[in-house]
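Report on the following structure.
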Amino acid sequence: MFFVAFLPQFVPADESGSLGAMLRLSAVFMALTFVVFAAYGMCAAAVRHRLLGRPRVMTGIRRGFAACFVGLSAWLAVG
């Protein structure tokens, strides 16, 4: 859906190779998206290893999630 809505504005309408231009732009977008998501994954893996090695941090995270669930359940019960 994104490709159909966003990319055509960058392809000249009067050229004969508009399909090829759309495919090239789509390929570039997908490649850049892959690079960004791979970087996110590597950063998340590094943070995960640091967090799992600290029991106090993990306890704080668990308590924070528990508090969020209690708050959301109270909001659901009231609303």
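The values are calculated or read from the model by the stated rules, or taken from the named source; none is laboratory data. If you're wondering where the values come from, they're calculated on a predicted model, not measured in any experiment. Cβ placement follows ideal geometry from the backbone for every residue including glycine, while neighbour counts extend to all protein chains displayed.
Let's see how each residue does on (1) exposed (fewer than 10 other Cβ atoms within 10 Å of the Cβ); (2) in contact with a Leu (Cβ under 6 Å, 6 or more places away or on another chain); (3) modelled with pLDDT of 95 or more:
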{"site": "F34", "(1), (2), (3)": "no, no, yes"}
{"site": "A39", "(1), (2), (3)": "no, no, yes"}
{"site": "G53", "(1), (2), (3)": "yes, no, no"}
{"site": "A66", "(1), (2), (3)": "no, no, yes"}
{"site": "G71", "(1), (2), (3)": "no, no, yes"}
{"site": "W75", "(1), (2), (3)": "yes, no, yes"}
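Kindly indicate whether any position in the range 11-19 is of a type in the set (S, T, N, Q) and modelled with pLDDT under 85.
Within the range 11-19, one or more residues are of a type in the set (S, T, N, Q) and modelled with pLDDT under 85.
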